[in-house]
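Here the structure is laid out as structure tokens; the discussion comes afterwards.
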Amino acid sequence: MRFLLRRVVFYALTAWAAITINFFIPRMLPGDPVTALLGRMQGRIDSGAEQSLRVLFGLDQDLGLWEQYVEYWRMLLRGDLGLSFTHFPTPVADIVNQSLPWTVGLVGVATVIAFVIGTLAGSILGWRRGTWADSLLPVATFFQAVPYFWLGLITIAVLSVNLGWFPSSGSYDRGLVPAFTGEFIGSVIYYGFLPALTVVVSSVAGWVLGMRNMMVTVSSEDYVTVAHAKGLPERQVMLGYAARNAVLPQVSSFALSLGFVVGGTLIMEMVFSYQGIGYTLYQAVSTHDYPLMQGCFLVITLAVLVANMVADLAYALLDPRTRTEDR
Amino acid sequence: MNNRLMFLRNGKVITGLVILAFFTLLALLGPWIAPYDPNQVSDSLLSPPSMAHWLGTDHTGRDILSQIVVGARGVLVVGLVAGVSATVVGVLVGVTAGFVGGIGDESLSALSNMFLVIPQLPLIILIAAQLPSAGGLTVALVIGATGWAWGARVLRAQTLSLRKRDFVEAARANGERTWRLILAEVLPNLTAVIASGFVGTVLFAVLSQVTLSFIGITPVSDWNWGTILFWAQNNLALQRGAWWWFVPAGACIALLGMALTLVNFGIDEIVNPRLRSTGQHARSLRRRGIRPRVGFTPVVREART
């Protein structure tokens, strides 16, 4: 329980830090793009909306920094992230709300698949170290070093433009109405296949390498030798004794690599024009839509924090030491 | 045979270093050895590789090989600057946290864990997009400022295990000052960890910078490999089947990344002897007909007769 409590406090602190960073970035950076945009919008923004933008970007010269900060928090707690410039006057929160499920689905499915495949493959590679299996390592290294988006470009070029098997952009057939019908879900899977595939292919290598190295380290432990000496079947020693212990660091590094995977997935959405939050961020960046950018960052960070908390919970369930140790 | 030579005898490390040397040379000499000016338009629009243009041309007839050769400098400089700045911060935070202990350690490691958990790429995008001009160096510093946490975490763990060792205790008993303990006793033993953190950060910086250029945050007039991909993506290179436009630039990034990862592999094998004994000796074991088994750690060096 102590372990979980500590983690919850830590995540609360991190969330506070992320929100505070989000508050300070537009105030600390030189230049003031927002005033210019507000000027261009003159007359088209009603006073309430203008007020919330001023709070977001610190254009209230008459208020002290502390009052601005308090005001900013008050807005966030109301769920108000300001108004988008490009999709004016849609609130940022609405846009983010629409795109978030797509990203969560894509990242969630792809990450779970990559984690399972990578960990399994890694334990087999680590178990068979020093044999032909080691020759697969350079391949994994290569995929770890490839930028996500380039792999996306190549998959589009081969599987979608040349072979025509999959659509190269979008997230479902535009002729369909979003609903919980078999046809629509099928279309979502069909359109999501390529982005998910590229995320899996480019993130699986990290899991493979991490698990492989842990297996190599774990498998010279005494309890593995004992298990061998007892005459247990090879498979049981590998999965029940070695892999079971090697997977723990894997789960705890899950939390840390998640941010990286999410970053990669955002770029992948930009490449595939997949209507998730990454694509929204991309549009925000290319149209200088600052409130939308900030809203995207905040929501992405909070989502990653929640996912991390789930991973920690899983870790606490898997590793009995976290439950008994009084630290 | 001392440790340093062993590092260089490792096949992976040699491959990595050779590739790195090649790209460094490209970065140094780029503008002089490029066959064309990368901005010079010509009549051969979007032409496939030929004798005149080894890697073909883009939609305005600019030579793609020249863009790659000239762009190498942008990529490497950003990687290096970001790597150095992140490593410096990482060493400062990590070693201090590990050495000081107590409340200082708690707060510093909480800080680095926060930076680890907050997704870096969106943060970098957020900062870079709001800067008035996001040139190469600015981007490098932003990447460095956000990417130090991983190194700090690893260094802290390593310092923790070092600071109670006998030689440090002995130096402390001799009345050495704290900064001397850190500089002379602890830091030299962290070299490998620092090096591997540095290489990892350079890789991360290269990938982030290329990504930023690809989505068009950095000025598109600064040539780097991401800029080439930016132009390719925005001019429908994929749909037009202009593979020579986006394949070589991406392959260069992948090659550079692989070289860095290979060097890191070598460093890892030095730090973790168990990886070394399996990695380095797989072939010689096979030659002698020994099948490596689990729970069986081959001895690295045998007595020479």
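The values are calculated or read from the model by the stated rules, or taken from the named source; none is laboratory data. Since the model is a prediction, treat every value here as computed from it, not as a measurement. When we count neighbours, we look across all protein chains shown, and the Cβ atoms used for this are built from the backbone with ideal geometry, even at glycine.
The listed residues are A:M215, A:M211, and the only one of them that is buried (at least 17 other Cβ atoms within 10 Å of the Cβ), under 23 Å from A:D319 (Cβ atoms), under 29 Å from the mean Cα position of the chain (by Cα) and at pLDDT 85 or above turns out to be A:M211. Considering only residues in segment A:240-267 that are surrounded by 16 or more Cβ atoms within 10 Å (Cβ to Cβ) and either farther than 30 Å from A:V306 by Cβ or touching a Pro at 6+ places or on another chain (Cβ under 6 Å) (or both), the one that is modelled with the lowest pLDDT turns out to be A:G259.
In segment B:211-229, the residues that are farther than 19 Å from A:I154 by Cα reach residues that are at pLDDT 80 or above and in a loop (DSSP other than H, G, I, E, B) with C-beta atoms within less than 8 angstrom, at least six apart or across chains, in these pairs: B:T218/B:N224. Residues of segment A:96-118 that are modelled with pLDDT under 85 and more than 13 Å from the chain's Cα centre (by Cα): A:V96, A:N97, A:Q98, A:S99. Taken as a whole, the structure places A:W207 among residues that are assigned to a helix (DSSP H, G or I) and among the hydrophobic types (A, V, I, L, M, F, W, C).
Criterion first (at the interface with another protein chain (Cβ under 10 Å from one of its Cβ atoms), under 26 Å from B:N113 (Cα atoms) and either touching a Cys at 6+ places or on another chain (Cβ under 8 Å) or not in a helix (DSSP H, G or I) (or both)) does A:L266 satisfy it? Criteria not met by A:L266. For segment B:248-268, a residue qualifies if it is free of Cβ contacts under 8 Å to residues at least 40 places away in the same chain and more than 8 Å from chain A (Cβ to nearest Cβ), and exactly one does: B:A251. Of all residues in segment A:77-103, those that are among the hydrophobic types (A, V, I, L, M, F, W, C) and surrounded by fewer than 16 Cβ atoms within 10 Å (Cβ to Cβ) total 2. Residues considered: A:V216, A:V237, A:V224. Of these, the only one that is of a type in the set (A, V, I, L, M, F, W, C), touching a Leu at 6+ places or on another chain (Cβ under 8 Å) and either more than 10 Å from chain B (Cβ to nearest Cβ) or closer than 14 Å to A:G126 by Cβ (or both) is A:V216. Within segment A:163-182, is there a residue that is in a loop (DSSP other than H, G, I, E, B), at pLDDT below 75, buried (at least 18 other Cβ atoms within 10 Å of the Cβ) and within 14 Å of chain B (Cβ to nearest Cβ)? Within segment A:163-182, one or more residues are in a loop (DSSP other than H, G, I, E, B), at pLDDT below 75, buried (at least 18 other Cβ atoms within 10 Å of the Cβ) and within 14 Å of chain B (Cβ to nearest Cβ).
Taken together, the residues in segment B:123-136 that are touching a residue at least 24 places away in the same chain (Cβ under 8 Å), within 11 Å of chain A (Cβ to nearest Cβ) and in a helix (DSSP H, G or I) amount to 4. Kindly check whether there is at least one residue in segment B:160-171 that is part of a loop (DSSP other than H, G, I, E, B) and either touching a helix residue (DSSP H, G or I) at 6+ places or on another chain (Cβ under 7 Å) or touching a residue at least 40 places away in the same chain (Cβ under 8 Å) (or both). Among the residues of segment B:160-171, not one is part of a loop (DSSP other than H, G, I, E, B) and either touching a helix residue (DSSP H, G or I) at 6+ places or on another chain (Cβ under 7 Å) or touching a residue at least 40 places away in the same chain (Cβ under 8 Å) (or both), which makes the answer no.
Condition check ((1) in a helix (DSSP H, G or I); (2) in contact with a helix residue (DSSP H, G or I) (Cβ under 6 Å, 6 or more places away or on another chain); (3) within 14 Å of chain A (Cβ to nearest Cβ); (4) surrounded by fewer than 19 Cβ atoms within 10 Å (Cβ to Cβ)) across all residues:
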residue	(1), (2), (3), (4)
B:L121	yes, yes, yes, no
B:T138	yes, no, yes, yes
B:A145	yes, no, yes, yes
B:L155	yes, yes, no, no
B:R180	yes, no, no, yes
B:V186	yes, yes, no, no
B:S196	yes, yes, yes, no
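In segment A:279-302, which residue that is more than 10 Å from chain B (Cβ to nearest Cβ) and polar (S, T, N, Q) is farthest from the chain's Cα centre (by Cα)? Out of the qualifying residues, it is A:T287. Tell me, which residue of segment A:121-135 that is surrounded by fewer than 16 Cβ atoms within 10 Å (Cβ to Cβ) and part of a helix (DSSP H, G or I) is modelled with the lowest pLDDT? The extreme case among them is A:W132. Scanning segment B:204-228 for residues that are part of a helix (DSSP H, G or I) and more than 7 Å from every other protein chain (Cβ to nearest Cβ) gives B:F204, B:A205, B:V206, B:S208, B:Q209, B:L212, B:S213, B:W225, B:G226, B:T227, B:I228.
When each of A:L106, A:L151 is tested for being buried (at least 20 other Cβ atoms within 10 Å of the Cβ), more than 9 Å from every other protein chain (Cβ to nearest Cβ) and under 19 Å from A:A196 (Cβ atoms), the lone residue that passes is A:L106. Checked against the criterion of being over 19 Å from A:L137 (Cα atoms), in contact (Cβ under 8 Å) with a residue 40 or more places away in the chain and in the same structural domain as A:Q283 (by TED's automatic domain parsing), the candidates A:L256, A:L232, A:L197 yield just one match: A:L197. Residues in segment B:218-244 that are modelled with pLDDT under 80 and among the hydrophobic types (A, V, I, L, M, F, W, C): B:V220, B:L236, B:A237, B:L238, B:A242.
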